[in-house]
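Have a look at the structure below, then the notes.
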Amino acid sequence: MTGSTRNGLTPKMRPVSPRRSAVLCVLDIGTSKVVCMIVRLRPREGTDVLPHRTHVAEVIGFGHTRALGMKAGTVADMAKAETAIRQAVDAAERMAQVEVDRVVVTISAGRIGSEQYAAQVTCQAPRVEDRDIHRVLEAASDHSIRQGRAVLHSIPTGFRLDETRSIRDPRGMLGSQLGVDMHVATCDIATARNLMLCVERCHLTVEAMVAAPFAAGLAVLTDDETELGTLCVDMGAGTTTLAVFSGGHFVHADGIALGSQHITMDLARGLSTRLSDAERIKVLNGACFAAKSDERDIINVPAIAEDERDLPNAVTRAQVIRIIRPRVDEILEMVRDRLHAAGAAAEAGRRVVLTGGGAQLPGLADLAAQVLGRQVRVARPVGVTALPDSAKGPPFAAAVGLTVYPQIAGIEHFEPQRRFFAATGTDGYFSRVGRWIRDSF
């Protein structure tokens, strides 16, 4: 790895023109599954309650396979992960009858985190001009690069002009001091590089990398929720990530390396059974609260060995729930504590939206309301047509959100003089991606 590529930006794409149709391929690489969708974006007429939708997304290709070689959202075995990605992409290509060479990818690992930056410049004319906006965005971006961290998103959340704050677009306004507040989401650069390298080995170019909680929020939140303040929690198999939306902007991101797979492992240990059987028991009998009848419901737990002489172990459903509950409490308490430690609790408002595969656990919304002290709903992705019935649930929120991201990519700002880092360690690999739009407004 050369010094020029040790820090930098993940690849960024140009936004899809609101007046043009496009075909897009997205790839959600998680701990338990790999999802590939090929969608056709068509300009839409008017707006509705869903934010940022300039196009109607129609799924024309869909591939879904069990993830291999992934652990807690990171690549643990490059060859196995590559095999799973190839299978998912191949299935989507066959269904859509097209070949793709570019993908938009989610990332949920690498200690996703947020930083807030502010900058101010003196306007060179009585009115705010484009060059003033360029200068203040560049000044804020100067602080965004950190050793060992890759910039995933760099989003202006509001401009200031003299004493006036929360300006969305200051162009043409009168004033002398122009300021900007910038939200920068980052992750460990090694995690991002290895994920990109794995995709590249499948002969695909990564057009953009999107933080999984940001993508999930784009798929499940309404316009009012993003405006008034909402915490979106994406509970995956290996990680639980969170995104805060307020004032119509993505303002905070975080993640913890705990997910629904850890619940499965607790069951496998506590019941002395195989992981596959523990997963089945969790899905069919798991819950967050036990009823009186659960003390009488008997579940047969297959033995961990394949010896026919070993009899299945019989436990009550209440025992299963007593194993599940402490881990769920731990995850929710960590989400609450991380939110307060980051000072983002106020911006998150009084509403929580749960999504991801782990959100399907019965009773989770009620338990989350108790632990987080907020109104909670479990959400599934909306706003995409021709989505297979098997993909309409919370586990596919991040994948659907990737189809929304290209419609709003223009809200981000990246200084074009900084080169994207290349996962292969070669400077010219991403020359095909093009240069990022300097001014996104």
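The values are calculated or read from the model by the stated rules, or taken from the named source; none is laboratory data. Bear in mind that the values here come from a model prediction, so they are computed numbers and not experimental data. As a convention, Cβ positions derive from the backbone with ideal geometry for all residues, glycine included, and neighbour counts pool all protein chains shown. Areas reflect the complete protein model, heavy atoms only, side chains present, ligands, DNA and RNA absent. Shrake-Rupley method; radii C 1.70, N 1.55, O 1.52, S 1.80 Å.
Annotation: amide H-H contacts under 5 Å for residue 247 (H modelled 1.01 Å from N, sequence separation of 5 or more, or interchain): 228, 229. Could you identify which residue out of 286, 373, 61 has the top mean-square fluctuation in a GNM of the chain using Cα springs shorter than 10 Å? Comparing 286, 373, 61 in the GNM, the peak value goes to 373. Centroid-to-centroid, using Cα positions, the stretch 184-216 and the stretch 89-163 are 14 Å apart.
Pairing the Cα long axis of helix 397-408 with the longest principal axis of the chain, what angle in degrees results, from 0 to 90 and rounded to the nearest 10? Its long axis makes an angle of about 10 degrees. Count of lysine pairs in the chain with Cα atoms under 16 Å apart, counting only pairs 8 or more residues apart in sequence or on different chains? Value for the chain: 4. Computed about the Cα centre, the dipole magnitude for the stretch 268-419 is approximately 440 debye when only Lys and Arg (+1) and Asp and Glu (-1) carry charge, each at its Cβ.
In order along the stretch 127-136, phi translates into HN-Hα couplings of 9, 6, 10, 4, 5, 5, 5, 4, 5, 6 Hz, rounded to whole numbers, per the Karplus curve 6.51 cos²θ - 1.76 cosθ + 1.60 with θ = phi - 60° and x for Gly and Pro. Looking at the chain, the accessible area is 42 square angstrom per residue; that uses a 1.4 Å probe and ignores ligands, DNA and RNA. Using alpha carbons only, the radius of gyration of the stretch 109-162 set against its Kirkwood radius gives Rg/Rh = 1.05. With springs only between Cα atoms under 10 Å apart, run a GNM on the chain and tell me which of 229, 401, 383 wobbles the most. In the Gaussian network model the winner is 383.
Placing pseudo-labels 7 Å out from each Cα toward the beta carbon at residue 298 and residue 333 gives an inter-label distance of 3.5 nm. Can you find, among 206, 175, 72, the residue sitting farthest towards the positive end of the charge dipole of the chain, where Lys and Arg contribute +1 and Asp and Glu -1 at Cβ? Result: 206.
Helix-derived [θ] at 222 nm for the chain: sum -39500 (n - 2.57) over DSSP H runs of at least 4, divide by residue count, nearest 500?
On the way: 10 runs with 127 residues, N = 441.
Dividing the helical sum by the residues of the chain leaves -9000 deg cm²/dmol.
Which loop-located GluC sites (Glu not before Pro) does the stretch 26-107 contain, where loop means any DSSP state but H, G, I, E or B and the Cβ has at most 12 other Cβ atoms within 10 Å? Each step should come with its number before you reach the end.
Working: sites: 45, 58, 82, 93, 99; in loops: 45, 99.
Answer by residue number: 45, 99.
Across the stretch 232-241, coupling constants 3J(HN,Hα) worked out from phi with the 6.51/-1.76/1.60 Karplus curve, θ = phi - 60°, read 9, 10, 9, 8, x, 6, x, 9, 10, 10 Hz, and Gly and Pro carry x.
Residues considered: 320, 352, 39. Largest GNM mean-square fluctuation over the chain, using C-alpha springs under 10 Å, is found at 320. Roughly how many percent of the accessible protein surface of the chain is carbon and sulfur, given a 1.4 Å probe and a whole-percent answer? Ligands and nucleic acids excluded, carbon and sulfur give 49 percent.
Assuming charge only on the beta carbon of Lys and Arg (+1) and of Asp and Glu (-1), the dipole of the stretch 50-139 about its Cα centre is about 300 debye to the nearest 20. Averaging Cα coordinates gives a centre for the stretch 244-293 and one for the stretch 9-23; these two points are 35 Å apart. Amide H to amide H distances under 5 Å link residue 258 with 240, where only residues 5 or more positions off or on other chains count and H is placed in the peptide plane.
In order along the stretch 28-36, the phi-based Karplus estimate (6.51 cos²θ - 1.76 cosθ + 1.60, θ = phi - 60°) of 3J(HN,Hα) comes to 9, 9, x, 6, 10, 8, 10, 10, 10 Hz; Gly and Pro are listed as x.
About its Cα centre, how strong a charge dipole does the chain have in debye, to the nearest 20, once Lys and Arg get +1 and Asp and Glu get -1 at the Cβ? Could the numbers behind the result be given before it?
Working: 52 positive and 50 negative charges, 76 e Å.
The dipole of the chain has a size of about 360 debye.
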